[in-house]
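Comments concern the structure below.
The values are calculated or read from the model by the stated rules, or taken from the named source; none is laboratory data. This is a predicted model, so every value here is computed, not measured. Cβ atoms come from the backbone with ideal geometry, glycine included; neighbour counts cover every protein chain shown. What goes into the accessible areas is simple: the full protein's heavy atoms, side chains included, and nothing from ligands, DNA or RNA. Shrake-Rupley method; radii C 1.70, N 1.55, O 1.52, S 1.80 Å.
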Amino acid sequence: MPETIHIDALAYGSAGVGRLASGKAVFVDGTVPGDTVEAQIIGDGPSFSRAKVVRVLEASPDRVQPFCPYAGICGGCPWAQVSYEAQLEAKRANLVSNLVRIAKLDAGAAESLVAACVPCKRRTGYRNKVELAVGRDGA
């Protein structure tokens with residue numbers, strides 16, 4: 001049965017993070033902070049769940065049309081549906097969160113250590129990572 005989930009933040013990778021009615025964290029691929037989605041749970045662990053969007057009920061103001069028709073397929077641009085400005089804010093917020101959660105810094109100290117992200121002059125086409133699979137013929 002689908003659940004209604006409000007997305008609060010972006011996680012590392014391609015998922016937005018929200019909470020189920022029970023309060024458990026849920027990671028939903030292809031979402032944007034501010035989205036309200038109907039999603040189907042596809043994985044349920046002890047501390048978090050994973051879900052797949054059934055439909056976007058209310059789109060975030062930060063949701064944009066991806067610049068590439070393969071954005072949701074190839075995995076090279078996991079946040080292509082997120083405005084560039086929101087991506088920069090999310091990257092900074094994730095670093096601050098990690099400093100608090102993993103390094104056990106005080107939230108105020110972590111906030112003061114992390115400056116705003118410096119935007120790239122080229123918003124697309126600047127990534128230079130490639131992953132190749134290698135195999136043996138006939139193996």
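Could you work out what % of the accessible surface of segment 1-100 is carbon and sulfur, using a 1.4 angstrom probe and leaving DNA, RNA and ligands out of the count?
Details: 3220 of 5610 Å².
For segment 1-100, the apolar C and S fraction of the accessible surface comes to 57 percent.
About its Cα centre, what dipole magnitude does the chain give when the only charges are +1 on Lys and Arg Cβ and -1 on Asp and Glu Cβ, stated in debye to the nearest 20? Don't skip to the answer; put the middle values down first.
Numbers: 16 positive and 14 negative charges, 91 e Å.
With only Lys, Arg, Asp and Glu charged at Cβ, the dipole is about 440 debye.
Convert each backbone phi in segment 102-108 into a coupling constant with the Karplus relation 6.51 cos²θ - 1.76 cosθ + 1.60 (shift: θ = phi - 60°), then list the ³J(HN,Hα) values in order as whole Hz, x for Gly and Pro.
Whole-Hz 3J(HN,Hα) from phi for segment 102-108: 9, 7, 6, 7, 5, 4, x.
Under 26 Å between alpha carbons: how many lysine pairs meet that in the chain, if sequence neighbours fewer than 8 apart on the same chain are excluded?
On the way: Lys24/Lys52; Lys24/Lys91; Lys24/Lys104; Lys52/Lys91; Lys91/Lys104; Lys91/Lys121; Lys91/Lys129; Lys121/Lys129.
Taking the chain as the scope, the lysine pair count is 8.
Kirkwood hydrodynamic radius of the chain from all distinct Cα pairs, in Å? Spell out each step's value before the answer.
Details: mean 1/r = 0.0598 Å⁻¹.
That comes to 16.7 Å for the chain.
Counting only heavy atoms of the protein chains, get the accessible area per residue of the chain (1.4 Å probe) and round it to a whole Å² value.
Working: 9520 Å² over 139 residues.
Here the residues of the chain average 68 Å² of exposed surface.
Report the relative contact order of segment 43-97, percent, no decimals, based on alpha-carbon pairs under 8 angstrom and at least 6 residues apart.
Details: 26 pairs, mean separation 13.7, N = 55.
Computed value for segment 43-97: 25 percent relative contact order.
Starting from the Cα-Cα distance between Leu57 and Lys24, subtract it from 0.36 nm times their residue separation and give me the gain in nm to one decimal.
Length difference between fully extended and current span is 9.8 nm.
Considering only Ser14, Ser49, Ser22, give the residue with the highest GNM mean-square fluctuation for the chain, with springs between Cα atoms whenever their separation is below 10 Å.
Its mean-square fluctuation being the largest, the pick is Ser22.
Mind checking which of Arg63, Arg123, Arg55 has the largest fluctuation in a GNM of the chain, springs on alpha carbons under 10 Å?
The residue that fluctuates most here is Arg123.
Positive end of the dipole of the chain, charges at C-beta (+1 Lys, Arg; -1 Asp, Glu), about the Cα centre: which of Ala59, Ala109, Gly135 has its Cα farthest in that direction?
So the residue we want is Gly135.
Go through Cys120, Pro33, Ile5 and say which Cα lies farthest out towards the positive end of the charge dipole of the chain; charges sit on Cβ, +1 for Lys and Arg, -1 for Asp and Glu.
Sorting the options by dipole projection puts first Cys120.
Alpha carbon centre of segment 1-43 versus segment 62-103: separation in Å?
14
How much FRET efficiency would the formula 1/(1 + (r/R0)^6) give for His6 and Arg136, where r is the Cβ-Cβ distance and R0 is 41 Å, rounded to 0.05?
Values: r = 48 Å, r/R0 = 1.17.
The value I calculate is 0.30.
Sequence-distant or interchain residues sharing an amide H contact under 5 Å with Val82, placed H: which?
HN-HN under 5 Å from Val82: Val64.
Below 8 Å between Cα atoms, with a sequence gap of 6+, how large is the relative contact order for the chain in percent? Let's see the in-between values first.
Values: 218 pairs, mean separation 22.2, N = 139.
Taking the mean separation of contacting Cα pairs over the length of the chain, I get 16 percent.
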